[in-house]
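Accompanying notes for the structure given below.
The values are calculated or read from the model by the stated rules, or taken from the named source; none is laboratory data. Quick caveat: nothing in here was measured; it's all calculated off a predicted structure. Cβ placement follows ideal geometry from the backbone for every residue including glycine, while neighbour counts extend to all protein chains displayed.
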Amino acid sequence: MRLLPLACLFALCSVAVAADGTHTLSHAGVSRSYVLRLPPAMKPGVPLPLVIVLHGGGGNAENAEHMTGFTEKGRKAGFIVVYPDGTGPLEGKLLTWNDRHCCAYAMKNDVDDVGFIRALIDELAANYPVDPKRIYATGMSNGGMMSHRLGIELSDRLAAIAPVVGTVFGDEPAPGHAISALMINGLLDEHVPWQGGPPGGRGARGWDGTPTRPALDQLAFWSKANACGSDAVKTETDHWIEWRANCSPHVDVELYLVKDNGHAWPGGQPGSSHGDTPSTAMNATDVIWSFFASHPKR
């Protein structure tokens, strides 16, 4: 990890994107990698949001960056983006996250991904102007499932999560702290079906056999965790169905079911290992950042 230039720690100057690139962090005796992207200039004393973007099963940090477009969004809106790598049998390839019931290498080897992300947040906060009240996590598929786990086990650090084409399994423990959650699923998704049930596609081999819960169970889980009202408000457009839970003024729980989306990042570049065509009706990165920006930690 490269530190901010010493001169900028004691002077009113801007910091360029010199630290952009791939870095490593040793955790639990394993060298873990991540790609860091900074906004064009950072001023000392001005804290910035941090968005953690998790790739899907079989992907990597480069894939997540290409697919989501979060780097461009971060540079325009002024926030830090980090793309961590999961683990796998081949260096930099076929990487997965340990979401307990999924996926593949990370799950089978009980990799401490929660501890890795906590250590990553600590390292970035020690070396960059990370706002502790504006740390967020999102991800696709296996990365979306891992976002759920991070929201539960790192609820003391994260302000909000946004799983995309992810799911819950019905045996998740409650988080210790309130945390906002935005979920996006695809009506055409056959890999993580919105109705729930066994996963489909090539990725099904990486699961432990636990069936997925329906997409709406994500809304129910986070509504209960945040002590929201029981009745969610449902609205429908030509392009998606949205449910919004009745929560406190400082916490929101929302779910979108995008009608023209399969197992892909809506509005993103094709790039997941599953090859579904992304929705053209929604830009998930824009929707997620708008949600994050309005939900700092209270």
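Quick notes on this one:
- Candidates in the range 229-249 are the residues that are part of a loop (DSSP other than H, G, I, E, B) and at pLDDT 95 or above; of these, the one that is surrounded by the fewest Cβ atoms within 10 Å (Cβ to Cβ) is D238.
- Meets criteria (in a loop (DSSP other than H, G, I, E, B), under 20 Å from N283 (Cα atoms) and over 15 Å from the mean Cα position of the chain (by Cα)) for D156: no
- Lone unmet requirement of (1) closer than 20 Å to L187 by Cβ; (2) at pLDDT 95 or above; (3) assigned to a helix (DSSP H, G or I) for S290: (1)
- Taken over the range 15-67, the criterion of being among the basic types (K, R) and buried (at least 20 other Cβ atoms within 10 Å of the Cβ) is satisfied by R32, R37.
- All positions within the range 262-287 that are hydroxyl-bearing (S, T, Y), in a loop (DSSP other than H, G, I, E, B) and more than 20 Å from T96 (Cα to Cα): T277, S279, T280
- Any hit, the range 124-141, residues being in contact with a Gly (Cβ under 6 Å, 6 or more places away or on another chain), more than 12 Å from I179 (Cα to Cα) and not hydrophobic (A, V, I, L, M, F, W, C): yes
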